[in-house]
Structures are given as C-alpha cells and as structure tokens.
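A.B. asks: I'd like to ask you about the structure that follows.
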Amino acid sequence: MQKNKCFIFLLLLITGIAKAQTTVKQAPAGFDTFRSGISHGVIDTISYDSKTVRVTRRATVYLPPGFTKNKKYPVLYLLHGIGGDEFEWLNNGHPEIILDNLYADGKLEPMIVVLPNGRAMKEDRATGNIMAPDKVQAFADFEKDLLNDLVPFIQEKYPVYKDREHRALAGLSMGGGQSLNFGLGNPDIFAWVGGFSSAPNTRKPEELLPNPELAKRKLKLLWISCGDHDNLISFSQRTHDYFVKNNVPHIFYIEPGVHDFRVWKNDLYMFSQLLFKPVDVAKFNNDVTGGSK
Ligand code: FER
C-alpha cells in the first residue's frame with residue numbers, strides 16, 4: 001500500500017514536471033510556412049555612408065504588405081548573431097514569411113524592419129575567426145554606427161516616425177547583447193527592447209541598468225527570452241534576476257530549445273506581436289503559460 005502511494009506520488013510529480021516544461025505557449029504550426037494567397041511584404045537592400053566606419057555599409061529592409069509612402073511607420077531594428085551579417089535573419093529565419101503570416105492574421109502593427117550588419121568594421125563579413133577581438137569589438141562599435149549613421153539614413157529614406165516610442169531594437173545572441181546594451185543605454189532613442197538568447201557581450205546587470213527608475217519610466221517593453229537548453233542562458237537569467245530585484249517590468253520568456261533559429265523564429269513571432277501597442281506583461285505571462293506557472 002505504502003509502495004503504491006509512493007508510486008502514484010512519483011507519477012504525479014513526473015507528469016507535473018513534464019507538463020511544466022511543455023506548457024509555455026509557442027508559435028502555432030505553420031507560422032513560418034509561406035502562404036501564397038496573402039499579401040507579401042517587400043525586401044530592399046540599402047547602402048548608407050557610415051561616418052563611424054568611414055565606408056559604405058549595407059543593410060536589408062523588410063517593408064510590410066501594402067507599404068505606402070503616404071503613411072508613417074514605426075521601425076524595428078533586428079540584429080544578427082556572431083556568425084551572421086545583414087542577411088542572416090533572411091537566410092535562416094525568414095522573418096518575411098513569419099511577419100507576412102502575422103499581417104494576414106491581423107496580429108501585427110504595420111512596421112518597417114531593418115536588418116543591419118552589426119559588425120561595424122571595414123571588413124564586416126563573417127569570415128575567418130569570427131571570435132577575433134577586433135571583430136567582437138566591432139559589435140560594440142556598432143552602437144555609434146546605428147545611432148549616428150543608420151537610424152538617420154532610414155529616417156531620410158523611408159516614411160517613418162522619428163520618436164523613441166516608434167523605435168524598437170531587438171536581436172539574437174550577440175545581437176541580443178547589443179540590443180540590451182544599446183537599448184537600455186539610450187532610453188531617449190528606443191522604447192522597445194528585446195534580447196533573444198543574449199550572448200556574453202551583454203553588460204553586467206548593474207552596468208546595463210544602473211538607474212532602474214529610468215527604465216521603469218521610459219520603456220514600453222523590455223523582453224528577455226532564451227531556450228531552456230541554451231548554454232548561454234545564465235546571461236539572460238542574471239539580467240532577469242536583477243530586473244526582478246529592482247522591480248523593472250519585463251517579460252522573461254523561457255521556451256524549449258537550444259541556441260538556434262528555431263528559438264529565434266519563435267521569439268520574433270511572439271515579440272513582434274507586442275510591438276507598438278499597449279503591452280500587458282501580466283497578460284502575456286498568463287497567455288503563454290495558460291495561467292499555470
Ligand atoms: C561567447 C560565446 C558566444 C561570445 C559570443 C557568443 C563574445 C555569441 C554567440 C552568437 O552570437 O550566437 O563567448 O563572446
């Protein structure tokens with residue numbers, strides 16, 4: 001009898017754990033499958049003069065379905081990882097398919113997505129030793145290129161809003177670290193900030209956000225996500241812990257997965273739907289966990 005009780009208890013415990021690990025809501029099947037019967041956005045390739053790097057630099061841009069010069073759009077700057085460039089998201093994540101589908105389902109606020117090259121140096125291809133100190137440094141140097149060269153260029157070329165509340169910054173891994181570093185470091189420029197599986201380039205929490213009150217006042221959305229089996233999860237976790245300690249409202253979204261595009265595509269699906277509309281962090285948490293956290 002005693003044995004039976006013990007067995008049932010263990011069974012319940014194991015089912016409970018298994019359930020807790022799988023209950024986090026993710027993108028539905030087909031979210032990243034091309035649909036032919038819907039409107040599609042357009043991908044542009046742009047070149048801009050960088051005073052920071054003293055060369056002409058390239059970026060790609062996704063314009064939403066139905067894009068028109070007669071309207072104004074908010075902008076999401078979406079950054080790549082250490083092995084990537086301005087084509088990494090397009091080649092591996094196909095954000096244009098994910099976003100086209102979300103537009104077709106009426107789930108997205110129209111926005112322009114800019115996919116920069118976040119390695120701000122003359123030779124900015126992901127070749128040779130991608131971990132070389134000068135290449136890693138170039139990811140930090142991108143802050144100036146982004147703020148002083150790319151953002152002004154985008155604002156000149158496209159019909160976009162120019163205030164912080166219409167500007168978002170997010171990225172994966174190295175790009176996640178950049179987004180948290182630059183986004184939280186420039187609260188007058190970005191009101192929407194997201195780090196997907198952020199890398200060790202993410203500043204230590206106390207340096208990242210020395211003044212939590214400022215973030216509380218100014219940020220519309222602060223997002224941290226990571227796969228539960230990602231070796232870099234400690235960088236997201238320590239940032240989350242600091243935000244909790246300092247009562248900084250944010251979303252901490254841990255999903256099944258490792259350090260790969262399956263996770264980042266899902267992040268883009270979840271994160272993009274929150275942009276440029278009122279965000280209810282408690283509701284998001286309830287929705288993704290089904291209220292069973
Ligand atoms: C590191 C481990 C991973 C690091 C960067 C990364 C700069 C970035 C990974 C990625 O962008 O996917 O130690 O140091």
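A.B. asks: Determine which residues of the range 122-155 fall in the zone a paramagnetic label at R54 would reach in this model, i.e. backbone nitrogen under 17 Å from the point 7 Å along Cα→Cβ.
C.D. replies: 122-124, 138, 141-142, 144-145, 149
A.B. asks: Report, to the nearest 10°, how far helix 233-245 tilts away from the longest principal axis of the Cα atoms in the chain, using its own Cα long axis and a range of 0 to 90°.
C.D. replies: Roughly 80 degrees, rounded to the nearest 10.
A.B. asks: I've got another one for you. How big is the antiparallel share of DSSP beta bridges in the chain, given as a percent to the nearest 5?
C.D. replies: Antiparallel bridges: around 35 percent, rounded to the nearest 5.
A.B. asks: Once every DSSP H run of n ≥ 4 in the chain is given -39500 (n - 2.57) and the sum is divided by its residues, what mean residue ellipticity at 222 nm do you get, rounded to the nearest 500 deg cm²/dmol?
C.D. replies: -11500 deg cm²/dmol
A.B. asks: Tell me the accessible surface of E207 in square angstrom (1.4 angstrom probe, heavy atoms of protein chains only), to the nearest ten.
C.D. replies: 110
A.B. asks: Hey, how many Å between the Cα centroid of the range 126-197 and the Cα centroid of the range 224-262?
C.D. replies: Computed from Cα coordinates, the inter-centre distance equals 19 Å.
A.B. asks: Something else about it: Any chance you could look up the accessible area of H229 with a 1.4 Å probe, heavy atoms only, rounded to 10 Å²?
C.D. replies: Approximately 130 Å² of H229 is accessible to the 1.4 Å probe.
A.B. asks: Ignoring ligands and nucleic acids, what accessible area does M174 show with a 1.4 Å probe (Å², nearest 10)?
C.D. replies: So the heavy atoms of M174 present about 10 Å² to solvent.
A.B. asks: Taking 0.36 nm per intervening residue step and subtracting the Cα-Cα distance, what contour gain separates K283 from D228 on full extension?
C.D. replies: Length gained, K283 through D228: 17.6 nm.
A.B. asks: Next up: Expressed as an acute angle from 0 to 90° and rounded to the nearest 10, what is the orientation of the C-alpha long axis of helix 2-22 relative to the principal long axis of the chain?
C.D. replies: 10
A.B. asks: Now for a separate question. Using only Cα atoms, find the angle between the long axis of helix 133-144 and the longest principal axis of the chain, and express it within 0 to 90 degrees, rounded to the nearest 10.
C.D. replies: Computed tilt is about 70 degrees.
A.B. asks: Follow-up. If the only charges are +1 at each Lys and Arg Cβ and -1 at each Asp and Glu Cβ, what is the size of the charge dipole of the chain around the Cα centre, to the nearest 20 debye?
C.D. replies: It works out to roughly 640 debye.
A.B. asks: Using a Gaussian network model of the chain with C-alpha springs under 10 Å, which one of L146, L184, L214 is most mobile by mean-square fluctuation?
C.D. replies: Maximum fluctuation in the GNM of the chain, among the listed residues, is at L214.
A.B. asks: Write down Rg/Rh for the chain, rounded to two decimals, with Rg from the C-alpha atoms and Rh from the Kirkwood relation over Cα pairs.
C.D. replies: Numbers: Rg = 19.9 Å, Rh = 19.8 Å.
Answer for the chain: 1.00.
The values are calculated or read from the model by the stated rules, or taken from the named source; none is laboratory data. For clarity, every value in this text was computed on a predicted model and none was experimentally measured. Heads up, the Cβs are rebuilt from the backbone with ideal geometry, glycines too, and the neighbour counts pull from every protein chain shown. Just the protein is used for accessible areas: all its heavy atoms, side chains included, with ligands, DNA and RNA removed. Shrake-Rupley method; radii C 1.70, N 1.55, O 1.52, S 1.80 Å.
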